[in-house]
Amino acid sequence: MSTSATPDTYDLVVVGFGAAGLSAALSFAEATESHEVPTRIAVLERATREERGGATRWTGAFLRITQDRRLDTDWPEHMDRVSGGLADIEYCRTVERETPQTLSFVEKHGVEIAFEDFPLPHTFDGGTPSMVPPASPRGGGASIVEHLGSALENDARVEIRYETEALRLTTTEDGTVDGVVVRDAEGRTQRLRARSVILACGGFQGNTEMLTRYVGDRACDLPLIAPGIANNRGDALRMALELGADTAGQFDGIHAEPVDRRTQQADAVLYGFSTGIFVNSRLQRFFDEGRDTWDNTFEHVGYEIWRNQDQEAYWIADGKTLAIPGIMNSLLSDLPPEQADTLEGLAEKLGIDAEGLEKTVAEFNGAVGPGEFDPTRLDGKATVGIEPQKSNWATALDTPPFIGVPVTAAICFTYGGVRTDLDGRVVTPSGAAIPGLYAAGEATGLFYHAYPPATSVLRSLIFGRLAAAHAAARLSS
């Protein structure tokens, strides 16, 4: 039965308007639509209506699914490998199990899942490098925000509170969560009573104090990959820890990506870097650009640029890269690469020392080993006698025009967060669930050492649904 009694009493309060929060609120609404007494749902969003959606609004939202619309069958084991056994493997298998019905859920609400051509191989389909087109919502994460958000707006049981931040959770004497204290745009506070609360407000990448505390020195140098994540202030973690919640994920770990630093466009990521080289401010190579497919290396090069290269690097390639069909689809900036007929001319456009660039390129070209260059597979064409080695796609940079992009590393999300069980319930270090409290999405910790990509939006949608299902079942308990 519904707990509705006063204007500030809800059956569910969801904190956050990204993929996890939208999925949770809408799933709860659907699960309770037959209740004789209409349920009441509040969704809290720090941003304005125009800027709603957090990180989800700005991401391209790759989905690590196969052509038959299932999760990459290798992903749970991949997570186990890269985390050194630290990742919650049952959580990962839950993501695998719930993927098909979650895709159906968002499609039912108008989100179109498309398989788009991409010019470089990836490992989203069974863990083996493949040119199978990767999937994503047509229109990116913004499609999720607008379609699921519109469904909530059209439901009379749902109240969306924009420009509202969650301050702290409230509990009964026995520790059951029974509401949340919020602050509105005028700075006034109010308690919202609730039968259940779902924390779905992201990590702490928008909070430089928490980033410095957990991630380390110079965390303040990390630009945000999109404006929406400025609202990811670590509220879920802060509020849950106050109640004795446990944590999961690597707290000094982040997902960072190499982005074009000439532009303010959100998500201006260089995915298609594998066939060129990176140099730092001293015009020295610092990374094996071909050690694996782009999806298994782009995060690592981003982290390296931030942690060890003073946030300054340059991607350099030549006409052979430009000749790859569709290559510009992998360079997401709104600005084309700088281009010149000579390395000297390119250096001038990039504002770097021409002699230093020419020297590094000459050394690289001289180390290129035999073999046929093939950007559609791990071609084994490597360098010899140079550090760092380039393990694949090592082809001489000698064909005009030469192209280049100045890059830096931007933070996408943090690894550390709240720990939950497989129903999305927030748990204590002993594993006991805190009654009435749930969390989903990037507010929850999962990743260690690496983020096997194209799963953040997917797991957010999935665990938003699972948390909502459990919270809906509590109404009759």
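General observations
- Here the range 171-211 and the range 291-321 have alpha carbon centers that stand 38 Å from each other.
- Only DSSP H runs of four or more residues enter the estimate; each adds -39500 (n - 2.57), and after division by the residues of the chain the mean residue ellipticity at 222 nm equals -8000 deg cm²/dmol.
- Using a cutoff of 8 angstrom between alpha carbon atoms and counting only pairs six or more residues apart, the relative contact order for the range 62-209 works out to 16 percent.
- Helix 141-153 vs. the chain, principal-axis angle (Cα, 0 to 90°, nearest 10): 10 degrees
- FRET E, pair residue 238, residue 430, Förster distance 22 Å, beta-carbon r, rounded to 0.05: 0.55
- Within the chain, the percentage of alpha carbon pairs spaced more than 29 angstrom apart rounds to 49%.
- Residue 469 paired with residue 35, simple spin-label distance in nm, labels 7 Å along Cα-to-beta-carbon: 1.9 nm
- If R0 is 41 Å, the Cβ-Cβ spacing of residue 348 and residue 212 corresponds to a FRET efficiency of close to 0.65.
- Where Rh is the Kirkwood radius over Cα pairs, Rg/Rh for the range 296-413: 0.94
- In the range 345-416, GluC sites (Glu not before Pro) in a DSSP loop with at most 10 other beta-carbon atoms within 10 Å: 372
- For the range 335-477, the Rg and Dmax computed from alpha carbons only, in angstrom: 24.9, 74
- Nearby lysines by direct alpha-carbon distance to residue 381 (threshold 21 angstrom, same-chain neighbours under 8 apart not counted): 320, 390
- Qualifying GluC sites (Glu not before Pro) in the range 68-166, where qualification requires a DSSP coil assignment and no more than 13 other C-beta atoms within 10 Å, comprise 112, 116.
- Ranked by the mean number of other Cβ atoms within 10 Å of their residues, highest first, the peptides 403-413, 182-192, 286-296 fall in the order 403-413, 286-296, 182-192.
- Computed E for residue 396/residue 80 - FRET, C-beta separation, R0 41 angstrom, nearest 0.05: 0.60
- Between the helical axis of 298-308 and the longest alpha-carbon principal axis of the chain there is an angle of about 80 degrees.
- Given their separation in residues at 0.36 nm each and the Cα-Cα distance between them, residue 324 and residue 142 gain 62.6 nm when the chain is fully extended.
- Residue-span extension gain [residue 281 to residue 116] - 0.36 nm each, minus C-alpha spacing: 55.9 nm
- Between the helical axis of 19-31 and the longest alpha-carbon principal axis of the chain there is an angle of about 40 degrees.
- Projected label distance in nm at residue 355 and residue 89, using a 7 Å step from Cα toward the beta-carbon: 5.7 nm
Here, each number is a calculation from the coordinates, and none is a lab measurement. This one's a predicted model, so the numbers in the text were calculated from it and none came from an experiment. Cβ: placed from backbone, ideal geometry, glycine included. Neighbour counts: every protein chain shown.
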